[in-house]
Amino acid sequence: MTAPRTRGALAVAVAAAVLLAGCSAVDPEPASPAIADTFYELPDPLPHGEPGEIVRSEPVEDAPEGSNAWRVLYHSTDAVGSDILVSGLVIAPDSPAPMFGRPIVSWGHPTTGAAVACAPSLSESPFDQILGLRELLDAGAVVAATDYSGLGAAGPGSYLVGATEGANVLDAARAARALPETGASHDLYLWGFSQGAHAALFAGQLAAEYAPDLTLRGVAAAAPPTDLAALFASGVEDPAALALSAYALDAYSSAYAHRGAELSTILTAAAVAAVPRVAGLCSSQESELEALATPLLGGYFAADPREVEPWAGILADNSPGATAIGVPVFIAQGEQDTLVDPAVTRAYTDRACAAGETVGYLSLSSLGHGETAVGALEPVLDWFARIQNGETVASDC
C-alpha cells in the first residue's frame with residue numbers, strides 16, 4: 001500500500017514544515033491555482049434537489065484496475081440547512097454486484113486547503129488521496145469521497161464545520177447509490193483521517209436523523225479533532241496552529257455570521273486581513289502560506305475565542321460528542337501526535353464510553369499525526385469486515 005500524498009496530509013502539518021524551513025519571496029496577493037474544468041461550474045439558476053441527488057456526473061479516466069469511477073456534483077446541505085452543491089468522487093468495482101448490493105464506504109479526506117482549487121478530485125492523482133481505496137475495492141465496497149463544500153464546486157466554507165462536513169459525507173454516499181452502475185446497497189461505513197475524522201464523527205452523529213435511508217454500520221476515525229477549544233488552547237505561537245485556526249475561523253465567520261461571528265472580535269487587525277488570504281490557499285502552496293503566517297506569529301489573537309461569544313459556543317458546537325452515534329465507533333490515535341493531542345482523543349473516547357457507545361480504541365505508540373491513518377488502516381479494514389460479516393465487535397470501554 002502506498003502512503004497518502006503530501007497534499008493529502010493535514011494542511012497545518014504541511015504549513016508547519018514549510019514555515020519552519022525558512023522564508024521565500026511571494027506575491028503580495030497570493031491566490032489559489034485557477035480551475036479550468038467546467039465540470040465544477042454551478043448551474044445558474046441553482047436547481048432544487050434532494051440531498052444526494054446528482055446534478056452532473058462524468059466518468060473519470062485511469063480508475064484503479066478493476067473499477068469504474070465518476071466525478072459527481074450533488075446536492076447537500078450546509079450548517080444552516082441550505083441546499084448547496086458539492087463535488088466528489090465515486091469509485092466502484094467493475095464486476096457484477098452481489099444480489100443485495102455492495103456496502104458503501106464514505107471517505108473523509110484530511111486537509112488539502114479551504115479553497116475551490118484544493119479539492120482532492122481536482123488533483124493529478126485523485127485516487128491516491130483515498131486511503132485504503134485498493135483494499136476497499138478488492139473487498140467489494142463502493143467508495144464515495146466528498147471534496148467538502150467550498151472545494152471543487154464553489155460553496156460555503158466547511159473547514160471543521162461539523163454539520164456541513166457531516167452532511168457532505170453522508171450525501172456523497174447517497175450520490176453513490178444514485179449511480180445505478182455502482183450496485184450500492186444501503187449499508188454505510190464512514191472512514192476519515194484528521195479533518196476527515198472530524199467529518200466522519202459528525203456524519204455518524206447526523207446519520208439517523210439526516211439520512212435514515214442509509215444503514216450506518218460503523219464509523220472509523222484516525223486522529224480526530226474532538227475538542228476544538230483544546231486545539232485553540234495552545235494559541236498560535238506554533239505556525240501549524242495558526243494555519244489551522246485561519247482555515248477554521250474563516251469558515252466559521254461565514255457559517256455563523258447570523259450569530260455575530262466577526263473576526264474582529266477575536267483577532268488583531270493584521271490577522272483579520274490575512275485570514276481570508278490564508279483560506280484562499282491550498283496546502284500545496286507552501287511559500288505563500290509561509291509568507292502570510294510568519295508575520296502574524298505573536299500578533300494573531302486579540303482575545304481568546306474560548307472566552308468570547310459566539311466563538312466559545314461555535315467551538316463547542318463543532319466538537320463531536322454532543323449526539324450519540326449509536327453504532328460501533330473505532331478511534332485510532334498516534335501517541336506522538338503533536339497536532340491532535342492524544343490526551344484529548346482519549347478524553348473524547350472516555351465520554352463516548354460513558355454515554356454508552358461501543359468504542360474500539362487503537363493507540364499507536366510510536367506514530368505521529370501524519371502516520372496515524374496508515375498505521376490504522378489494516379485494523380480498520382478488518383473491523384469493517386467483521387461488522388459486515390455479522391460479527392459483534394468488541395468495545396474497549
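The values are calculated or read from the model by the stated rules, or taken from the named source; none is laboratory data. What you see is a predicted model, and the numbers here were worked out from it, not measured in a lab. Here the Cβ is made from the backbone with ideal geometry for all residues, glycine too, and neighbour counts use every protein chain on show.
The table below gives the values:
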item: Test: residue in segment 183-206 that is surrounded by fewer than 21 Cβ atoms within 10 Å (Cβ to Cβ) and without any contact (Cβ under 8 Å) to a residue 40 or more places away in the chain; result: no
item: Qualifying position, being outside any loop (DSSP other than H, G, I, E, B) and crowded, with 16+ Cβ neighbours inside 10 Å, among Ala291, Ala261, Ala273; result: Ala291
item: Subset tally (residues that are out of contact with any Leu (no Cβ under 6 Å at 6 or more places or on another chain) and either of a type outside the set (A, V, I, L, M, F, W, C) or assigned to a strand (DSSP E or B) (or both)) for segment 153-185; result: 18
item: Checking Gln336 against (1) within 25 Å of Phe232 (Cα to Cα); (2) in contact (Cβ under 8 Å) with a residue 60 or more places away in the chain; (3) part of a loop (DSSP other than H, G, I, E, B), the condition it does not meet; result: (2)
item: Subset of segment 42-56 (residues that are at pLDDT below 95 and surrounded by 12 or more Cβ atoms within 10 Å (Cβ to Cβ)); result: Leu46, Pro47
item: Strands (runs of 3 or more DSSP E) contained entirely in segment 30-113, each with at least 1 residues that are in contact (Cβ under 8 Å) with a residue 24 or more places away in the chain, assigned by TED's automatic domain parsing to the domain that holds Val169 and among the charged types (D, E, K, R); result: 67-77, 83-93, 102-108
item: Odd one out for Asp213 among (1) touching a Gly at 6+ places or on another chain (Cβ under 7 Å); (2) assigned to a loop (DSSP other than H, G, I, E, B); result: (1)
item: Residue among Leu289, Leu339 that alone is at pLDDT below 95 and not assigned by TED's automatic domain parsing to the domain that holds Pro110; result: Leu289
item: Failed item, numbered, when Ala394 is tested on (1) closer than 24 Å to Leu133 by Cβ; (2) modelled with pLDDT under 95; result: (1)
item: One residue from Ala79, Ala92 being within 24 Å of Arg277 (Cα to Cα) and either in contact with a Pro (Cβ under 6 Å, 6 or more places away or on another chain) or crowded, with 24+ Cβ neighbours inside 10 Å (or both); result: Ala79
item: Total residues in segment 305-327, condition surrounded by 22 or more Cβ atoms within 10 Å (Cβ to Cβ), outside any helix (DSSP H, G or I) and not aliphatic (A, V, I, L, M); result: 3
item: Residue match in segment 369-387 (condition: in a loop (DSSP other than H, G, I, E, B), touching a Leu at 6+ places or on another chain (Cβ under 9 Å) and more than 25 Å from Asp138 (Cβ to Cβ)); result: no
item: Filter result (of a type in the set (Ser, Thr, Tyr) and within 17 Å of Gly204 (Cβ to Cβ)) within segment 171-190; result: Tyr189
item: Residue selected from segment 355-397 under the condition over 21 Å from the mean Cα position of the chain (by Cα) and free of Cβ contacts under 8 Å to residues at least 24 places away in the same chain, by the criterion surrounded by the most Cβ atoms within 10 Å (Cβ to Cβ); result: Arg386
item: Which listed residue, of Ala36, Ala31, is among the hydrophobic types (A, V, I, L, M, F, W, C), at pLDDT below 90, surrounded by 11 or more Cβ atoms within 10 Å (Cβ to Cβ) and out of contact with any helix residue (DSSP H, G or I) (no Cβ under 7 Å at 6 or more places or on another chain); result: Ala31
item: Residue in segment 307-317 that is among the small types (Gly, Ala, Ser), under 22 Å from Ser158 (Cβ atoms) and in contact (Cβ under 8 Å) with a residue 60 or more places away in the chain present; result: yes
item: Residue that is of a type outside the set (S, T, N, Q), surrounded by fewer than 24 Cβ atoms within 10 Å (Cβ to Cβ) and either more than 19 Å from Ala222 (Cβ to Cβ) or at pLDDT 95 or above (or both), where the choices are Leu160, Leu122, Leu137, Leu151; result: Leu122
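Okay, residues lined up against (1) outside any helix (DSSP H, G or I); (2) of a type in the set (A, V, I, L, M):
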position: Ala117; (1), (2): no, yes
position: Ser121; (1), (2): no, no
position: Glu124; (1), (2): yes, no
position: Ala145; (1), (2): yes, yes
position: Tyr148; (1), (2): yes, no
position: Leu151; (1), (2): yes, yes
